[in-house]
Structure formats: C-alpha cells, structure tokens
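Right, one structure below, let's go through it.
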Amino acid sequence: QVSAVMASATRAPAGTMAGPGGGAGAACTSMERLEDAELLRLEDEEKRRLAHIAGQIAALEEQRRCGEAKRRRAKRELLLRAFAASPLGRVPAGSVLPFLNAGEALRWLTASPAVAMQFRALGGRLPLPHLRTVSPNLKPSASEGLARRLQWQAVETMLVDLSSDGWVALLGAMVQLEKLDLTSLRALSIAFPAGRSPMCVHLWQVVAPSLSRLGAGIVATRPPLQELVLRDLRSAELLASVLDCCGRHLRVCRASLLGPESRRRPLQLPPAGLPALECFMVKHRDFCEQRASRQERLGVSARQLLMCLEAIGRPERLQVLVLCGMCIDGGREETSELLRRLGAFRGLCAVSLRFSLPSTFGTLLPLRQLITLRRSWPRVGHFTLCDRSIHAFDYWPEQITDFKEQYPHGHVPQPSEVFANEFRNVLVQYGTTAGHEWRKLPLREQAFWADIARMLPRMCHSEVLRRVEDIFPTCL
C-alpha cells in the first residue's frame, strides 16, 4: 500500500499536483489513511533513497572533476606542442635564460618541450644564469646534489648572503666540486653579517675556508667580472684575489671590510692595474665604538694605487675613488706623483683619500698645482682639505647638517668665500692667506668658484654608499 501511494505521487503530472483533484492530493489522502508504523517505514525508505541519490551525485561530481583535469592536461599538451612548433619554442635556451631569475627559468624548463630537449642535451645540468636566493632550509646533503646539478659555467650573476644557512651549505658544496667553472660570471656579491657575537665569529670560521677556495676557483677560471660587491667581510684576501685575476674587466668595486683581522696586511692591488675602472670604493672599520678618525686604518701602497690609476684606459669615466678607514702609505716621490695624477680624472664626483705623510699638501705639492687639482673636478661641490686628507663630493655629507652650517647667511655665497672655505685648513702649510691667493687668481679661474657657489645651495644631503648606488645601479 505504501509503495502504491509513493508511486502514484511520483507519477502525478507537475501541472496537476497542486490541484484539489491532482495526484498530490490523492497521495496526501492516501497517506492520511496509513498507520503510524507505516509512515515511519515510509520515512526510513525515503531517507535511504535520498542517501543513495546523494552518493550518486558525489560520484558524478568526482567523475566531472577527473574529466575536467584530463581535459586541461590535453589542452596543455596541445598548447605545448604548438609552442614547440613556433619560432619562440625553437629559440635556444641560452638566448632567453639570461633574462629570467632562477624560479622563472625552472618554470620555463618545465613548460617548454623545446627547452627541455636542449636541457637534456646539456647532460641534465641546470643552466641558471642568475643565482639570487637560496632556501634557508637547504640541507648539506641536498646542497651537494644541487651543486652537482647546476651548470656553473652558465652563471652570470651570483648574490651570496652568508646570513642564510642555505647559502652557507651551497657555498661549502660548490667549492668541493672537482672543477668550479665560473667563466661567465659578470657580477658577484657576497654579504656577511656585521655583528661581532660569538655566533658570527663561529660562522666566519666556517665560511672563511670556502671563501678562500671560491677565490681560488675564480683565479683559475678568470671570468669577465664587471661588478664586485663585498659587504662586511673579515678578511681582504678574497678582494685582493679577485682584483688580481679579474681586474681587466672590472668596472665597479664596492667592498667593506670589518674588524682588526682585515687590516693585518696592506691591501694588495693588481700590478696590471684596473683598465676599465669607473668606481672604486673600499671601506674599513673596526668593531670598537671610538671615532673612525682614531681607529687604526687599513694600509694601501701609494705606488700600487698609482699604477692602477695610470692603467685606466678612459680617465674621464672614473667617478668614484673612495678609500674610507684606509691610509695611503708611500714615500714623498710616489705620493706627490699620485696627487698630480688625480687631476686627469675630471669625471670624479666622490673622492675620499687619506695619506700617511704629515702636512701632505704643503710638503709634496706646490699651491698652484693644488689649485689646479681642485679646478679639474667641476662636478664636485663640497671640497675639503685637511692636514693629510682630501674629501670631495657632489653632495652635502651627512655630518654637515645644513647649508647654513657652512654659510650662515643662507644665500648664494661669494666665490671668494667658497675658495676660502675650501683651502683654509692647508694655507697655513704654505704660509699664505686665502685673500692673498684669491687676488692672485685670473678672472677666468675665479669664474670656476662662481659656478661652484651657484651649485652649493642646490646640492642634496647624501651618503657615499647611497650616492654610488645612484650612479651605478647594480645588476644584482
């Protein structure tokens, strides 16, 4: 009876279910005649039927998802085959990979059958031109496999951050390779934590041998390195090795050395010089909190520095010559010759040099030559001479808080005022005064300081590292 009632309700036409004489009304009338036990049994049957239908719907939905996934895979395969047959798909991987970072290169190798074929032709080694980041979770065991799989002769830029455990592991693995071929390396950056905690001391003891072997690998392959950035290293050994073997192509050198260990020996510059040099900035500082002017300085030979500068093929391209926390050691002859040669670099906009000889300028250089040296740097606005140092920048250094600190009246200064400010610290070495020397200058030479006076109020505050980054945007 229950089955008959449900069957009659199911077969009732949709248009007649709401009518008083329709199937729904008949079903309701039939249900009214059922006993309670029969209604309970009817409810249980409907629950089971609905559960079965829900199961069928879930199965159909799963089939739909599987079918959609197969459809997407088929569509992707068609697109990959069309791409492989296109001109772009047949482009050599070496023409495109230099424009991709490591993640993009791996995705392209996965997506392109044509590139995958070239990849297999390389023996399965990964040609990644740019190594920027390494996962900090990279384990030593995995780093060994990664070092073996990378095609190191394809690497063009490498950004090594030794505060990352992953880079420490990969560096240790790569220098253990039988042959580390870095023949394509154009830019190298190595950064070490600046702290002096026991953890940093231990980390340096761990990575120092690897850095020495990396330097030996670079010396062996002699890559065309154009940019070198070293930050807070505890030794100058790597800097000297790279300068010696890669100085022919080096354009930009930025290095900061930290701690007393880095100044145990003078910095060695390459005998062959640095012919392509445009920026040479080396900074040294100790851990102690005393003023930088009172700290011991890293030495560099005046003769070696002179040889490097004389080897520059296009002197007008040298813009930065900054040796902070360093002292140029040498006798009277080589130091005076170095001072004279500085006038050939008319493109300089940042200069910071300190000499070991007391009363450097009055002892080694006639005043007339010193004035000529100043006039050879038209881009420099802030120019200061001290007893044995020279500082010249095209910006206001951070220690000068305001233009009014130099010129309290706040207006465009007089040319003679600018001349007096620039030479007042050294004129006593020559036994003369600024006013006397100014009156001796021809009008065409006085016009130089008139141009500088108009430049001074427009100069911005900056710091040498920021200024170098503005002038030489890094490819790292």
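The values are calculated or read from the model by the stated rules, or taken from the named source; none is laboratory data. If you're wondering where the values come from, they're calculated on a predicted model, not measured in any experiment. Glycine also receives a Cβ, built like all others from the backbone with ideal geometry; neighbour counts cover every protein chain displayed. For the accessible areas, the whole protein counts, side chains as well, though only heavy atoms, and no ligand, DNA or RNA atoms are used. Shrake-Rupley method; radii C 1.70, N 1.55, O 1.52, S 1.80 Å.
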Mind checking the per residue accessible area of the range 194-321 for me, 1.4 Å probe, whole number of Å²? 47 Å²
Förster radius 35 Å - calculated FRET efficiency between residue 39 and residue 70 (Cβ-Cβ, nearest 0.05): 0.15
Among 137, 152, 190, flag the residue with its Cα farthest along the positive direction of the charge dipole of the range 135-190, charges on Cβ as +1 for Lys/Arg and -1 for Asp/Glu. 152
How many times 2.2 N^0.38 Å is the alpha carbon radius of gyration of the range 342-464? 1.01
Heads up, I need the accessible area for residue 46: 1.4 angstrom probe, whole protein in place, Å², nearest 10. 50 Å²
Take every DSSP beta bridge whose two residues both sit in the range 336-476, then give the antiparallel share in percent to the nearest 5. 90 percent
Residue-span extension gain [residue 444 to residue 163] - 0.36 nm each, minus C-alpha spacing: 95.6 nm
Anisotropy class of the range 154-294 from Cα gyration tensor, a/c 1.5 cut: oblate
On the protein heavy atoms, probe 1.4 angstrom, tell me the percent of accessible surface of the range 205-360 carried by carbon and sulfur. 47 percent
Taking residue 139 as the anchor, which aspartates and glutamates have their alpha carbon closer than 19 Å to its alpha carbon, excluding any fewer than eight residues away along the same chain? 161, 165
Within the range 313-391, trypsin sites (Lys or Arg not before Pro) in DSSP loop having at most 16 other beta-carbon neighbours inside 10 Å: 346, 379
Counting other C-beta atoms within 10 Å, and keeping those with at most 11, which DSSP coil GluC sites (Glu not before Pro) do you find in the range 144-227? 178
Any chance you could run the full-extension gain for residue 432 through residue 47? It's 0.36 nm times the residue separation minus the Cα-Cα distance, nm to one decimal. 127.4 nm
Which distance in nm do the two modelled labels at residue 399 and residue 265 give, with both placed 7 Å along the Cα-to-Cβ direction? 3.1 nm
